[in-house]
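Enquirer: This structure is in structure tokens; I'll ask about it shortly.
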Amino acid sequence: MTIDWIDFTPWSSLAGGILLGIAASLFILVNGRILGISGILGGLLPPRRGDAGWRVSFLLGMFAAPLLYVAFAGPLEIEADAGWGAVVLAGLLVGIGTRYGAGCTSGHGICGLSRLSPRSLAATLAFMGAGFATVYLVRHLLA
Amino acid sequence: MQHRIIEFAIGLLFGIGLIVSGMTNPAKVIGFMDLAGAWNPSLAFVMGGAILVGVGAFAIARRRTTNFLGGAMHLPTARDIDRRLIGGSLLFGAGWGLAGFCPAPALVSFAAGNGKAVLFVITMLIGMAIFEFLERRWQA
């Protein structure tokens, strides 16, 4: 195994992770909600009366983040090397998969593992495993 | 109104965390999943940092019957590890590895105006709508 030292950013990744943990902590303690993006977004399809406001406010806050970051800190580094066709397939898989699996990296990965939930651990192992396998397939077997 | 402002602020904090952590860069995400290539362990630090903080908060949350604003605690009740959970998660992981976008960072990059993130979010919403459609047909 070789380590990509050039792109290895332990401190900023740890700092960002701590911010994610603080956000998830505040959301459950102050608002009583699980910070799970696929669930927050999927619950708007279709929007239900009395259940849409908190979802929309949270998402608008997320949308404001890159605008604020760009204004004060500089451009975002977004290197998406997948082709357009792969992006379409990926979007469909992630949309269907996160709803069937009832969560994604935030809901199962951050909140579920923090709750020590065996169900979320199983989900996280499944999606991480599938991610590793897919990257191996695409980068090393098909390429 | 107070609720809406707090939700917005937490969403903003979460979005900033995603950017700072590097999660919004698909190349970094795929670098983490590429064990056979040049492996980038950074994302382990993201999850580690988040869970480090989260474990304490959720331990407190579990003992509470109301949130700090006096409303209900919406903690998950499902405990079953079934075919839906694992099958759905496998599909999600395959899509995540394919393009390097998972839902939250994709929404941030979408708001930043990145073309591939915009397309990803549109097709992700279509995928979620397909799920809703199939669920309703299944129950009908």
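No lab work stands behind these numbers, since they all come straight from the coordinates. All values derive from a computational prediction rather than experimental measurement. As a convention, Cβ positions derive from the backbone with ideal geometry for all residues, glycine included, and neighbour counts pool all protein chains shown.
Enquirer: Can you work out the Karplus-derived ³J(HN,Hα) for every residue in segment B:118-129? Use 6.51 cos²θ - 1.76 cosθ + 1.60 with θ = phi - 60°, whole Hz, and x for glycine or proline.
Expert: Coupling constants for segment B:118-129: 4, 5, 4, 5, 4, 6, 5, 5, 4, x, 5, 5 Hz.
Enquirer: How many partner chain Cβ atoms sit within 10 Å of a residue's Cβ in peptide A:37-49, on average, as a whole number?
Expert: Per residue, the average neighbour count from other chains is 4.
Enquirer: Still on this structure, please answer the following. So how strong a dipole does chain A carry about its Cα centre when Lys and Arg Cβ are +1 and Asp and Glu Cβ are -1, to the nearest 20 debye?
Expert: Here the size comes out at about 740 debye.
Enquirer: Nothing charged except the Cβ atoms of Lys and Arg (+1) and of Asp and Glu (-1): what's the magnitude of the dipole of chain B about its Cα centre? Round to the nearest 20 debye.
Expert: 280 debye
Enquirer: Among B:Ile16, A:Ile6, A:Ile22, which comes first, second and so on when ranked by fewest other beta-carbon atoms within 10 Å?
Expert: Going from least to most buried by this count: A:Ile6, A:Ile22, B:Ile16.
Enquirer: Which value, in nm² and rounded to one decimal, describes the direction-averaged projected area of the C-alpha convex hull of segment A:10-141?
Expert: Quarter of the Cα hull surface area: 10.1 nm².
Enquirer: Given N residues in the protein assembly as shown, what is its alpha carbon radius of gyration divided by 2.2 N^0.38 Å?
Expert: Numbers: Rg = 17.5 Å, N = 283, 2.2 N^0.38 = 18.8 Å.
Normalised Cα radius of gyration, the protein assembly as shown: 0.93.
Enquirer: In 5 Å bins starting at zero, report the fraction of Cα pairs in segment B:2-139 per bin as a rounded %.
Expert: So the P(r) values, bin by bin, are 2, 8, 12, 16, 18, 19, 16, 8, 2, 0, 0.
Enquirer: Rounded to the nearest 20 Debye, what is the dipole magnitude of the protein assembly as shown about its Cα centre when Lys and Arg each give +1 and Asp and Glu each give -1 at the C-beta?
Expert: 1020 debye
Enquirer: Rg and Dmax of segment B:86-135, Cα atoms, in Å?
Expert: Rg and Dmax of segment B:86-135, Cα atoms, are 11.3, 32 Å.
Enquirer: Count the net charge of all other residues whose Cβ sits under 13 Å from the Cβ of A:Asp7, scoring Lys and Arg as +1 and Asp and Glu as -1. Mind dumping the intermediate values first?
Expert: On the way: positive: B:Lys28; negative: A:Asp4, A:Glu77, A:Glu79, B:Asp34.
With Lys, Arg at +1 and Asp, Glu at -1, the net is -3.
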